[in-house]
Structures are given as C-alpha cells and as structure tokens.
Amino acid sequence: MAGDASYVLLHEADDVVKKLCSKYPEELANVSLDEVAIVAIEGVDRPETKKCFAKIKGLRPPVSLLTSGKNYIVELYMSDWENWTVAQRNIVIFHELLHINGEGKNKKHDLEDFKMLVNKLGIDYAGNPDVVDILAEDVDWSIHKSAEESNEKK
C-alpha cells in the first residue's frame, strides 16, 4: 500500500469483543465492552520488523476523558485484518483483551506470550491461518490452568 497512514475505528471488531466476552467470561473478567475501542492503521502495511500483530494501550485521565469512556485501545493494521481468517481475527483480539487488568492498566505476558494460548494453540497461533476459531468451537482453557497450577505447587 502506498500513502500516508491514518487511523480508523474498526467497528466490525466490536462484535468480536462482545462475543469473546460472552463466551469466555472467566478469562476476560476484567474486560468491560464499553471500555475497549479497536482501531486500524490504514494506508500502510505492518513493517516486517514489527513482529506483533496488534497492541493494546491503556488510557488514564486526562486522555481517557477525551475518548468517550474508552480506557483501552487495540491497534492493528488494516492490511493484516483484511488478510486474516476469521479465526485469526478472533484470536488476535482475544490475546489483546487478555492484557486488560482494569483501571487502564495492562497485564504483561507470562512468557513471551500468554502460556495458556501457546499451550493450547501452539507457538505461532496468531500467524497460522488454520488456527482454531475460538468463537466457533469450545476451547477449554481450564485444562492448561490446572496443569500450570500443579506445576507451580511443585
């Protein structure tokens, strides 16, 4: 793509957030639907040097006062969004929502990524067009939580 980068609200992702929160209330307990906005960068492709597919930013006052109650902004590239499968879109948004810790703060990864995602979906899950669609299928994240808790007690 040529041209200057610009930001747009990605309204079609709002439905993904809503469905993910409904399907995985335990994993996304800190997520309030009204607090999250998804924005896409148009006009440029994600640089090859930028390995992460998306990032989430926590907003606090005074900035959050200017965003109509949004305390988190997920930023991704429109070129990626348009090329991803539905399953990839769902898992990338899910991953970013896992960062929400409340009050405009973010959780860090427990590995280079979230252990539960890597254990269940593999290391390169977000880049895999054949990744399981976590909205179309039931994923039991608790299996991995129990194993992790057992290992932590040893």
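Hey, what D do you get for segment 6-153 in µm²/s if you plug the Kirkwood alpha-carbon radius into Stokes-Einstein at 20 °C and 1.002 mPa s? Provide the component values of the computation, followed by the final result.
Details: Rh = 16.0 Å.
The calculation lands on 134 µm²/s.
So who's got an amide H within less than 5 Å of the one on Lys107, skipping anything under 5 residues away but keeping other chains? H placed 1.01 Å off N, in plane.
Those qualifying (amide H under 5 Å, at least 5 residues apart or on another chain) are Ile100, Asn101.
Under the definition of Cα pairs under 8 Å and six or more residues apart, what whole-number percent is the relative contact order of segment 6-153?
Relative contact order here is 23 percent.
Can you list the HN-Hα couplings for segment 44-59, worked out from phi with the Karplus curve (6.51, -1.76, 1.60; θ = phi - 60°), rounded to whole Hz and with x for Gly and Pro?
These are the phi-based 3J(HN,Hα) values: 9, 8, 4, x, 4, 6, 8, 7, 6, 7, 7, 8, 10, 10, x, 10 Hz.
Mind running the shape call on segment 1-87? Use the C-alpha gyration tensor, a ≥ b ≥ c as the square roots of the eigenvalues: rounded below 1.5 for a/c, prolate if a/b tops b/c, oblate otherwise.
On the way: a/c = 2.08, a/b = 1.33, b/c = 1.56.
Judged from the Cα gyration tensor, segment 1-87 comes out oblate (a/c at least 1.5, b/c at or above a/b).
Just name one of Val39, Leu59, Leu117: the one whose Cα is farthest towards the positive end of the charge dipole of the chain (beta-carbon charges, Lys/Arg +1, Asp/Glu -1).
Leu59
Throughout, read-outs are computed from the coordinates displayed, never taken from laboratory work. Note that the coordinates shown come from a computational prediction; the quantities given were computed from them, not determined experimentally. Here the Cβ is made from the backbone with ideal geometry for all residues, glycine too, and neighbour counts use every protein chain on show.
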